[in-house]
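Inspection log for the structure reproduced underneath, given as structure tokens.
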Amino acid sequence: MRLRIDLRYDGTQFHGWARQEGLRTVQGALEEALRTVLRVAEPPVVNCAGRTDAGVHARGQVIHVDLETEMTGRELLRRLNGVLPEDVWVTAVTEAPEGFDARFSAIARRYVYRICDDSAAWDPLRRKEVVRVGRPLDVDRMNAAAQGLLGEHDFAAFCKKREGASTVRALLDFSWDRVSPGMVEATVIADAFCHSMVRALVGSVIPVGDGRREVSWPATVLAGRVRDSAVTVAPARGLTLEEVRYPADGELAARAVQARRVRGEVHQRG
């Protein structure tokens, strides 16, 4: 039986999502919790919608796992939360619809990056999820710069290149809002993201907001299609995966097949 598990985590003390020998990771913590509650010798392998980097948080991470168990979703949820560490919390366990794949069935991921640009508004209680910058930011300039990055492009200039992996992505939304005095948030939505892409996009627009760069600069970087050392990758702690979006149940399998085909073609070309 394939299960869908929704979870949240504070990424501060994790070395990212993916299991790494000798390091504390979210995948490792979740798989170990499953091994414990299922009383099996080897932990089941879980598959996530988006591999968050070290220090990045999630409120809307989604995973799937194939299990043989008679536990109900409610019982498994309760038992998992009973053994998971305090910085991970499962919000739902449900039987996955036919054709569901947490990664390949997804049609979009939504991230939010949070910034404080006024020392008078700084809240130390939020220091693990908000980044403080030293200059006030002009949200209008930042939105103008972000608009130049929307659409399907090769985002190689904003990604850490991986062998055989495409850097072509469809950036569906990149917008900035001043949500309260001294607090600015960026919403970033794409069909998928490559490694460090969100934080690099944010890092390219911050110097536009504080006046150090022209509004056209991020689009110029994008057009270069080469990782630009002038782009500062924004700190991980300000970034949260808020939501993963999926098509209607009847379209899940077709979406997964399509996504796998694209990834396979890229791998073959590489």
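The values are calculated or read from the model by the stated rules, or taken from the named source; none is laboratory data. Please read these numbers as outputs of a predicted model, since none were measured by experiment. When we count neighbours, we look across all protein chains shown, and the Cβ atoms used for this are built from the backbone with ideal geometry, even at glycine.
Data for the structure
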item: Scope segment 1-50; condition more than 24 Å from residue 109 (Cα to Cα) and among the hydroxyl-bearing types (Ser, Thr, Tyr); matching residues; result: 36
item: Single unsatisfied condition, residue 233 versus (1) touching a helix residue (DSSP H, G or I) at 6+ places or on another chain (Cβ under 7 Å); (2) surrounded by 18 or more Cβ atoms within 10 Å (Cβ to Cβ); (3) not aromatic (Phe, Trp, Tyr); result: (2)
item: Positions within segment 216-237 being in a helix (DSSP H, G or I) and farther than 21 Å from residue 185 by Cα, in sequence order; result: 220, 221, 222, 223, 224
item: Criterion: assigned by TED's automatic domain parsing to the domain that holds residue 235 and over 20 Å from residue 219 (Cβ atoms) - qualifying residue of 202, 131, 188; result: 131
item: Residues (out of contact with any Gly (no Cβ under 9 Å at 6 or more places or on another chain), more than 16 Å from residue 95 (Cβ to Cβ) and of a type in the set (Gly, Ala, Ser)) located in segment 55-85; result: 60, 82
item: Tally, over segment 2-29, of residues that are of a type in the set (Ser, Thr, Tyr) and not in a strand (DSSP E or B); result: 2
item: Unique match (being at pLDDT 95 or above, under 22 Å from the mean Cα position of the chain (by Cα) and outside the structural domain of residue 44 (by TED's automatic domain parsing)) among 90, 139, 112; result: 112
item: Single unsatisfied condition, residue 240 versus (1) in a loop (DSSP other than H, G, I, E, B); (2) among the polar types (S, T, N, Q); (3) at pLDDT 95 or above; result: (1)
item: Those residues of segment 211-230 which are buried (at least 21 other Cβ atoms within 10 Å of the Cβ) and β-branched (Val, Ile, Thr), in sequence order; result: 221
item: Residue among 257, 208, 244, 184 that alone is among the hydrophobic types (A, V, I, L, M, F, W, C), surrounded by fewer than 18 Cβ atoms within 10 Å (Cβ to Cβ) and more than 14 Å from residue 158 (Cα to Cα); result: 257
item: Options 99, 50; residue that is within 17 Å of the chain's Cα centre (by Cα), in contact (Cβ under 8 Å) with a residue 24 or more places away in the chain and either part of a strand (DSSP E or B) or closer than 24 Å to residue 31 by Cα (or both); result: 50
item: Meets criteria (buried (at least 22 other Cβ atoms within 10 Å of the Cβ), charged (D, E, K, R) and closer than 25 Å to residue 53 by Cα) for residue 199; result: yes
item: Count of residues meeting criterion [among the polar types (S, T, N, Q) and in a helix (DSSP H, G or I)] in segment 129-183; result: 2
item: Test: residue in segment 30-46 that is closer than 26 Å to residue 192 by Cα and either assigned to a helix (DSSP H, G or I) or under 13 Å from the mean Cα position of the chain (by Cα) (or both); result: yes
item: Single unsatisfied condition, residue 72 versus (1) loosely packed, with under 15 Cβ neighbours inside 10 Å; (2) under 23 Å from the mean Cα position of the chain (by Cα); result: (2)
